[in-house]
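Below is one structure, written out as structure tokens; comments come after it.
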Amino acid sequence: MEIMHDNYDHTSSQPILEETPDFIRNGKRIISFLLALYLVAILFVFPIYYRNFYFDILGAKYQFYYISTLTLIGGVVLTGIFMLIIDLVQYEGKFTTGFLQKFSTKNIRTTLSVPDVSLICFLAIAVLSTVFSDYIYESFWGNEGRYTGLFLLLLYGGSFFIVSKFLHFRSWYLDVFLVSSVLVCAFGITDYFNLDILHFKENIDPKQYNIFMSFMGNINTYTAYLSLVLGVSSVLFAAEKKNGKCVWYYICLVMGFLAIITGQSDNAYLALLALFASLPFYMFRSWGGIKRYLIILASFFSVVQAVDIINQTMSDQVLEIQGIFNFIVNFQGLAYIVIGLWIAVAAFYARKYIIKRQETPVGKMPCRIWGIVFLTGIVIVLWILFDANIAGNGERYGALSNYVVIDDEWGTHRGYIWKLAMRNYKEFSTVHKIFGSGPDTFGIITVKNNYNEMTSRYHEIFDSAHNEYLQYFVTIGPFGLLAYLALLISSGVRMIRHAADNPYMMATLFAVLCYGAQALVNINLPIATPVMWTILMIGLAGCRRME
């Protein structure tokens, strides 16, 4: 029996006798076209867009993003107005009434998902934070910070509802993102070799050569973007069955590894840790997934080993990489790890092609074992942090103490910045403790309260908390932070519940997860963050199709 999905009303259990009017079909086509253009703009053009090299990279990308998003919102609103007029004239507003009924008290629970409600709460709190701020103008525009004011947050919200509610997901959206990402990675890798092929560094201070890379500007922003690349490419490589596309995703993954390692930012290793720790829960459901995971691990450590060799043989031609990278390459057993992992990969291929027997189900045991390993690792990390910081035994960890002892100098003064943030928060009025100082006003607060201290101690002005979550806590308040976390967590839960078997949906989830991990020590900028929001929207749009 043929099921006609397009002409059956599942809510009334009665067949719809009339077809969808042309004006609705045409309106949907226009919106789909606008969305496709928008996604190409944000996922492909935006990452590689620049205007005056690094000198205005933040302003240029911010302007590109808000013009693109306003164009999308304006196009969708105009399309909706035309559809409304046609409906009122030809159908007496019947379809508009039906649409509005979805937001009635009776139907609102099925219309708005938990991520939708979380975002609405986040934006509402951001509005109140701006209204109650002592710096309303600056809170709205973010012009005294990094342009992440209420205006930008509202753009995130507007595009979120349009993309997540109207987009018909296509896998090529993520492929377009990866094509652009390969260009970003390639340019960053050439920066590592001091080639400067696009002349981005011709007129900048030579002392800053090492902190600017690719089309992203600061190496920390570069890391934030690359965390998205690794999240998408790793999952798609893990799940792809076609050889050609599998090779393509593997190339993207290896390029991402090489770029994020040569990017020199220690923030990268939080994203990598989150990736390697969480991937097994997705991949250990089959022998093929376990094999691909081993390939990913072997490839990463092989890239680390290769970069170390390059550093030693071409030290006068490449940028110096320090930090956690040196800690890894100085481990005496690194070469044995690389060899052992590739031997394990070879054993898996031998099992398939030499033994030539049908794969047996892997069962739930590997995921359960990894769950135990995962929880054990968390307990060990928490114990080390307690022992090093509260118990005062940091010296026992040797070279590792630089990473586990969180003092004022930790993470290029991040320990000091975090203490400064909490000290200022404690001095807020009751209203500001609830709603924060206003979006992106962290720099105003520190300059007002701590200018002499910052400049005398570090000769710097800290205009960001260098922790996206702490930044929201101080500037939008604890309830704003909770709403943001609820948005991320509920979105992840929704993707797992509705699209766990769709690798493209899982790719968006892992991208957001990797971004969220590095955000613990990084800045929220309209360079990489808009891409994260867009990928999140795409994932939720895909979930809508699978409900």
statement: Net charge (Lys, Arg +1; Asp, Glu -1) of residues whose beta-carbon lies under 11 Å from that of G394, G394 excluded, is -2
query: Of the cross-linked pairs K207/K419; K245/K364; K291/K352; K207/K448, which ones have a Cα-Cα span greater than 22 Å in the structure shown?
result: K207/K419; K245/K364; K207/K448
field: Burial ordering of K201, K207, fewest other beta-carbon atoms within 10 Å first
entry: K207, K201
- request: Quick one: dipole size for the stretch 338-480, taken about the Cα centre, charges +1 on Lys/Arg Cβ and -1 on Asp/Glu Cβ, in debye to the nearest 20.
  value: 960
task: Would you please state the base-10 log of I(q)/I(0) at q = 0.05, 0.07, 0.08 1/Å for the chain, with intensities from the Debye formula using one equal scatterer on every alpha carbon?
output: -0.23, -0.45, -0.59
Sum of -39500 (n - 2.57) over DSSP H runs of 4+, divided by residues of the chain (222 nm, nearest 500): -22000 deg cm²/dmol
message: Can you tally the net charge around S159? Count Lys and Arg as +1, Asp and Glu as -1, for every other residue whose Cβ sits under 15 Å from the Cβ of S159.
response: 0
message: What distance in nm lies between label points placed 7 Å from Cα along the C-beta direction at W383 and D205?
response: 4.6
task: Note down the net charge around K201, summing +1 for each Lys or Arg and -1 for each Asp or Glu among other residues with Cβ under 14 Å from its Cβ.
output: -3
- prompt: Straight-line reach from K241: which aspartates and glutamates have a Cα under 16 Å away, not including same-chain ones fewer than 8 places off?
  reply: D175, E359, D501
message: Over the chain, what is the relative contact order in percent, taking alpha-carbon pairs closer than 8 angstrom and at least six residues apart?
response: 24
Chymotrypsin sites (Phe, Trp or Tyr not before Pro) restricted to DSSP loop in the stretch 296-404 with at most 12 other C-beta within 10 Å: F331
- prompt: Which lysines have a Cα less than 17 Å from the Cα of K165, not counting those fewer than 8 places away in the same chain?
  reply: K28, K102
- line: By the Kirkwood definition, with r running over pairs of different Cα atoms, the stretch 134-178 has a hydrodynamic radius in Å of 12.5
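Rule-based calculations on the coordinates, nothing more; no lab input. Since we're looking at a predicted model, the values are computed, not measured. As a convention, Cβ positions derive from the backbone with ideal geometry for all residues, glycine included, and neighbour counts pool all protein chains shown.
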